[in-house]
Amino acid sequence: MPILTKLHTIARTPLAHTPTPIEPLSNLGKHLGSGRIYVKRDDCTGLAVGGNKARQLEYYFGEALEQSADTVLITGAVQSNFVRMAAAGAAKLGLTCHIQLEERVTDAGAEYRESGNVLLNRILGAVMHTYPKGEDEAGADANLRLIAEQLGEAGKKPYIIPLAPGHPPLGALGYVRAAGEILDQLADTHYPIDEIVVASGSGNTHAGLLFGLRALDSDIAVTGVCVRRNRKAQLARITTRCQEIAALLETESPVQRQDIQLTDDTFAPGYGHLNDATHEAISLCARLEGLLLDPVYTGKSMAACLKLARNTGKNKSILFIHTGGIPGIFAYRDSLI
Ligand SMILES: *Cc1c(COP(=O)(O)O)cnc(C)c1O
C-alpha cells in the first residue's frame, strides 16, 4: 500500500494499549429498534484514564524524543483531555510537562476549574499555567512559545506539542494507524459495519481515520460529529487536515470531497455545554450498557449516533468510536445530575 509507506518511517513512541476492543451494544440497538451498534473502546487506551489522545501522543512524543527534548509544553481548554494525557505521557517518559489552560467555558463552577482533568494534571505533577482568553488559538500559542523560550534560556530542551492549525497534524497519524487496526478487527469478527461515527474536534481523529480507511481501500462511511465549531467551519478544517496528512506522508490524499460527512445536529448550545439529546445519550448508554460517556465529546457524538440509528432503521450497522473523556464527568457534575 504505497499511500502509507511513509507512515512506518515516522518516529512513534508506544503509549496506548492497543488494539482496543470492539464490542456490540446489543441492548441499545434493541431499545432503539435500530440496526446493530458497536463501540470501539478507545476510552480504554490506558495512559491515565484513556482516550483518543493516547494514539495521537505516540507521534508527538516520538518527535519530542527524536529531538532529545526534556520538557514538553501543551495548551488546551481547562478540562482538556489532551493536556491530561500529555502530562501522563511525559511522566511515563521521564519528561517535565508544562500545561497552559485556556478559559474557554465561561460561567464555569468550582468543579470545572478544579476537578476532573485539572485534578489529574496536578496528581501527574504537571507545571500549570493559565491563559485568560479561551477563543484565541494564536494568542495561546504565542504565549506558550514565550514560556518555551524562557525554558530554553534556562537550559532546558523544550518541545511544544503543536495543536493549532498550520502545524503538521502528527497526531492524526495515530488514527491513520487505527484505521488499519479497525479493518483487521472487522475482518476477524465479521461485524458488518456500514458507517463509523466519531467526534470531530481538532479533526485529527476524524481526518486520520477517514484518510487511513480510504488509503486501505475501505469505503466505510465516516460521520464526524461537530463538538467544537459548526459544520461549515469543521468541513473546511477536515478538508485541510486531509491535505496536511497527505503532505506529511508525501502522497496524494485518497479522501474525496464527498467522503467528508459532518453533522452539527447535536452541537448547540456550543463547546462544553450540554443539551437534551446529550443527556439522553449519556443516560441510555449508562443504564442499558454500563458504558460511560463524557459531557463534552462522546455524549454529543453518541447523541448524533442515536439519531442516525433511529433514522436509518434496521438496515445499517454503526461503529461508534468512544474517544474517552471520562474525567470530564466529574468536572461537569452539576450539569449531569
Ligand atoms: C480531543 C477529544 C476528541 C476530539 O478529537 P480530535 O482529534 O481533536 O478531533 C473527542 N473526544 C474526546 C474525549 C477528546 O478528548
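The values are calculated or read from the model by the stated rules, or taken from the named source; none is laboratory data. This is a predicted model, so every value here is computed, not measured. Reconstructed Cβ throughout: ideal geometry from the backbone, glycine too, with neighbour counts over all protein chains shown.
When Asp107 is tested against (1) within 16 Å of the ligand (Cβ to nearest atom); (2) closer than 23 Å to Asp136 by Cα, just one condition goes unmet, and that condition is (1).
Among the conditions (1) crowded, with 20+ Cβ neighbours inside 10 Å; (2) closer than 24 Å to Leu119 by Cα, the only one that Ile326 does not satisfy is (1). Counted as qualifying within segment 126-216 are the strands (runs of 3 or more DSSP E) with 3 or more residues that are at pLDDT 95 or above and more than 16 Å from the ligand (Cβ to nearest atom), namely 127-131, 158-160. When Leu291, Leu308, Leu284, Leu319 are screened for being in contact with an Asp or Glu (Cβ under 9 Å, 6 or more places away or on another chain), away from the ligand (no atom under 14 Å from the Cβ), farther than 21 Å from Ala178 by Cα and in contact (Cβ under 8 Å) with a residue 12 or more places away in the chain, only Leu308 passes. In segment 1-100, counting only helices (runs of 4 or more DSSP H) that sit wholly within it, the ones holding 1 or more residues that are in contact with a Ser or Thr (Cβ under 8 Å, 6 or more places away or on another chain) and surrounded by fewer than 24 Cβ atoms within 10 Å (Cβ to Cβ) span 53-66, 81-93.
Per-residue answers, yes or no, for (1) within 30 Å of Ile123 (Cβ to Cβ); (2) crowded, with 21+ Cβ neighbours inside 10 Å; (3) in contact with a His (Cβ under 9 Å, 6 or more places away or on another chain); (4) modelled with pLDDT under 95:
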position	(1), (2), (3), (4)
Thr251	no, no, no, no
Gln258	no, no, no, no
Asn275	no, no, no, no
Tyr297	yes, yes, no, no
Lys300	yes, yes, no, no
Leu319	no, yes, no, no
Leu336	yes, no, yes, yes
